[in-house]
Amino acid sequence: MENIVLIGMPGSGKSTLGVLLAKAVGYSFVDTDLIISRMAGKPLQKILDDDGLDAFLELEEKVGQELDCDFTVVATGGSMVMSDMAMQNLKSHGKVIYIDVPLDEIKHRVTNITTRGIAFRKGDTLDDVYRERTPLYEKYADITVKFSDGTIENTVEKIVNKLKE
């Protein structure tokens, strides 16, 4: 089978879900944020602070374009969808699953927007990021899984069931 690529807002649980999903389907797991951080030799927020948003997005695009793996659950950074070239590569090697979490829940989970390593323009709020990216998540998704009040395990089960359909 192909890769499983998770997309969604920062705080939607892609990394946590990705590890559990990989275990559930017997795949490897990779988090593109960790690859970016390793390539740059510093945490995501430090890349944004030192090098700026454009440099961060270029590095993220490069990782998305060059990622080459099989039978892997890939947790992408929330801004990966801002690169069509990166998303086309990821889609060509797997199913893209949008983890759809309501904005209110994202706001509850993400309380450290200025230190978490989230790629956004100066002056933007989480609302702005959500409005900008939601159409992109919907555009690239092969499958959408709504995260409701269930547990992470329930969400993993939903994803596995949708992949079988």
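The values are calculated or read from the model by the stated rules, or taken from the named source; none is laboratory data. Here the structure is a predicted model, which means the values were calculated and not measured. Please note: Cβ atoms are built from the backbone with ideal geometry, for glycine as well, and neighbour counts cover all protein chains shown.
Computed values, structure above
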| read-out | value |
| --- | --- |
| Residue count for the stretch 130-162, restricted to those that are within 15 Å of Ile7 (Cα to Cα) and either touching a Lys or Arg at 6+ places or on another chain (Cβ under 7 Å) or crowded, with 17+ Cβ neighbours inside 10 Å (or both) | 13 |
| Matching option when the condition is under 24 Å from Val25 (Cα atoms) and surrounded by 15 or more Cβ atoms within 10 Å (Cβ to Cβ), among Ala75, Ala86 | Ala75 |
| Residue in the stretch 96-106 that is under 20 Å from Leu57 (Cβ atoms), at pLDDT below 85 and surrounded by 15 or more Cβ atoms within 10 Å (Cβ to Cβ) present | no |
| Qualifying residue in the stretch 16-28 (condition: small (Gly, Ala, Ser), buried (at least 20 other Cβ atoms within 10 Å of the Cβ) and at pLDDT 95 or above) | yes |
| Options Arg121, Arg116; residue that is more than 23 Å from Glu165 (Cα to Cα), within 15 Å of the chain's Cα centre (by Cα), at pLDDT below 95 and not hydrophobic (A, V, I, L, M, F, W, C) | Arg116 |
| Hits in the stretch 1-15 (condition: in contact with a strand residue (DSSP E or B) (Cβ under 7 Å, 6 or more places away or on another chain), small (Gly, Ala, Ser) and surrounded by 19 or more Cβ atoms within 10 Å (Cβ to Cβ)) | Gly8, Ser12, Gly13 |
